[in-house]
Amino acid sequence: MASAADLTRNAVHVLPKRELERKLALGRPLRVKLGIDVTSPDMHIGHAIPLQRMRTFQDAGHLAVLIVGDYTTRIGDPSGRSAERPVLSDEEIDANAKRYFEQAALVIDTDPARLEVRFNGEWLGQLDFAEVLRLTRTTTVARLLERDDFAKRYAAQAPISVSELLYPLMQAYDSVAVQADVELGGTDQLHNLLGGRGVMEAYGLEPQVALTTPLLFGADGEKMSKSRGNMIGLTDPPEEQFGRTMRISDELLPDYYRLVMEVDPREMPDDPMEAKLALARWIVTRSHGEQAARAAEEHFTRVVREGRAPEEVPEHTLPAGDPLHLPALIADAFGMSTSEARRLISQGGVRIGDAPASELDVPRAALIGAVLQAGKRRFVRLRG
């Protein structure tokens with residue numbers, strides 16, 4: 001069975017100290033909980049970091065307990081938020097939960113003997129008002145307002161709804177319902193994970209161990225998220241995954257090797273380009289397989305490194321008229337504004353075949369059958 005050091009690789013917090021070792025010494029499979037908020041259907045490689053810890057526990061013979069927060073999603077986890085999240089419909093929540101599980105399956109073992117999937121609506125939907133009041137007596141408002149996000153909003157006199165204050169308690173009750181031994185989460189979840197210990201103790205259960213993992217930063221140096229447009233999605237198309245990975249800064253590479261690949265950065269190739277290529281291959285292979293990774297690398301080499309058109313280029317039918325106004329054609333072909341198209345032309349970022357485009361009006365005959373390129377990665381083959 002794996003040691004505590006193996007199970008806690010890359011962990012930021014393992015609290016209380018030495019409690020995990022004590023639980024491992026019990027000689028039984030531990031129940032290792034990870035709760036997921038399904039406000040979005042898309043997972044990125046940063047979300048996979050705690051899932052990778054869960055997989056390590058599974059491989060060591062422990063039981064993974066994946067909590068789908070269908071009920072708590074109706075409130076919305078306020079972690080890191082400056083405002084209350086919008087409420088999703090039941091249909092959106094169900095669709096997101098299904099999509100999330102499909103993506104998580106790329107990382108964790110889905111064998112029913114090693115994975116228990118639960119929806120917290122099972123128990124939270126059954127709580128009557130008396131039980132909710134009992135739950136609220138397990139903590140104080142002052143304790144809840146210690147959370148960094150709540151504290152900032154309270155200091156700024158920004159609204160905090162009572163339902164948001166209840167979110168950490170409901171997440172903690174999940175640990176009571178499944179009798180968790182360990183709960184995993186990002187560092188932004190530490191307050192919730194520790195809160196779960198107090199609630200479990202109030203319900204007469206042995207408190208869980210709180211284990212947090214680092215947050216991952218995108219190519220722009222900010223926390224990876226869909227809203228910032230800096231994420232590498234777990235199920236993004238192979239070429240997109242590869243290209244986004246290659247845009248990571250050299251300074252972030254050691255973190256990606258350590259957290260995503262779980263490889264000692266000292267084993268990273270000295271050449272940053274080779275290091276990024278190896279990382280991109282690994283990310284695409286995990287999601288799509290080796291063949292897709294090879295094809296994505298070939299595409300990246302051809303289009304980005306060599307500046308050539310990809311082997312397969314979508315077609316676009318030319319509108320009527322002669323000559324054709326190039327900014328309007330580019331806007332229609334690539335879904336951008338004509339002003340953006342004009343700017344690309346003026347900057348030399350548009351090519352017709354092998355030649356840079358400089359004129360705004362182009363003879364139709366010069367466009368038929370040609371490959372139109374806008375920027376580095378957008379191509380269409382023009383048809384009359």
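Table for the structure above
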{"read-out": "Helix-only [θ]222 nm of the chain, DSSP H runs n ≥ 4, -39500 (n - 2.57) each, per residue, nearest 500", "value": "-11500 deg cm²/dmol"}
{"read-out": "Counting DSSP beta bridges with both ends in the range 4-213, the antiparallel % (nearest 5)", "value": "15"}
{"read-out": "Cβ charges +1 (Lys, Arg) and -1 (Asp, Glu), total dipole of the chain, debye", "value": "460"}
{"read-out": "Alpha-carbon centroid distance for the pair the range 125-183 / the range 285-308, whole angstrom", "value": "46"}
{"read-out": "Calculated from backbone phi, Karplus (6.51, -1.76, 1.60) coupling profile of the range 172-179 in Hz, x at Gly/Pro", "value": "5, 5, 4, 5, 5, 5, 9, 6"}
{"read-out": "Net charge, Arg258 excluded, C-beta distance under 11 Å - Lys, Arg +1, Asp, Glu -1", "value": "-2"}
{"read-out": "Likely footprinting exposure, Arg343, Arg153, Arg18, fewest C-beta neighbours within 10 Å first", "value": "Arg18, Arg343, Arg153"}
{"read-out": "Euclidean distance of C-alpha centroids, the range 232-252 and the range 334-384, integer Å", "value": "26"}
{"read-out": "For the range 265-384, the fraction of alpha-carbon pairs in successive 10 Å shells from zero, as %", "value": "13, 36, 24, 18, 8, 1, 0"}
{"read-out": "Potential extension, Asp6-Thr317 segment - 0.36 nm per residue separation minus Cα distance", "value": "106.3 nm"}
{"read-out": "Against the rule of thumb 2.2 N^0.38 Å, how large the Cα Rg of the range 315-383 comes out", "value": "0.94"}
{"read-out": "Equivalent ellipsoid semi-axes, the range 133-185, via Cα gyration tensor eigenvalues times 5, rooted, Å", "value": "23, 13, 9"}
{"read-out": "The range 238-305, relative contact order [Cα under 8 Å, separation at least 6], %", "value": "42"}
{"read-out": "Approximate spin-label separation Lys98-Ser163, in nm, with each point projected 7 Å along Cα-to-Cβ", "value": "2.4"}
{"read-out": "Debye intensity ratio in log₁₀ form over the Cα atoms of the range 166-252, taken at each q of 0.18, 0.25 Å⁻¹", "value": "-0.77, -1.08"}
{"read-out": "Solvent-free Debye scattering, log10 I(q)/I(0), computed from the Cα coordinates of the range 4-213 at q = 0.12 Å⁻¹", "value": "-0.60"}
{"read-out": "Translational diffusion of the chain, µm² s⁻¹ [Kirkwood Rh, Cα pairs; Stokes-Einstein; 37 °C; 0.692 mPa s]", "value": "139"}
{"read-out": "Cα-Cα separations in the range 238-305 greater than 20 Å, expressed as whole percent", "value": "22"}
{"read-out": "With Cα atoms, 0 to 90° folded angle of helix 90-104 axis to the chain main axis", "value": "80"}
{"read-out": "Rg to Rh, two decimals, where the range 102-256 supplies the alpha carbon set and Rh follows Kirkwood", "value": "1.03"}
{"read-out": "Greater than 25 Å apart at Cα, pairs in Lys226/Lys376; Lys17/Lys152; Lys98/Lys276; Lys23/Lys223; Lys17/Lys226", "value": "Lys17/Lys152; Lys98/Lys276; Lys23/Lys223; Lys17/Lys226"}
{"read-out": "Long-range HN-HN contacts of Thr213 with modeled amide H, under 5 Å", "value": "Val12, Gly185, Gly186, Thr187"}
{"read-out": "Estimated dipole of the range 236-384 in Debye, rounded to 20 [Cβ of Lys and Arg +1, of Asp and Glu -1, Cα centre]", "value": "440"}
{"read-out": "Antiparallel content of DSSP bridges confined to the chain, in %, to 5", "value": "40"}
{"read-out": "Whole-Hz ³J(HN,Hα) from phi, Karplus 6.51 cos²θ - 1.76 cosθ + 1.60, for the range 152-166, glycine and proline x", "value": "5, 5, 5, 5, 8, 6, 7, x, 10, 6, 4, 4, 5, 4, 6"}
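Each reported figure results from applying straightforward, stated rules to the coordinates on display, with no laboratory input. Please read these numbers as outputs of a predicted model, since none were measured by experiment. Glycine gets a Cβ as well: all are built from the backbone with ideal geometry, and neighbour counts include every protein chain shown.
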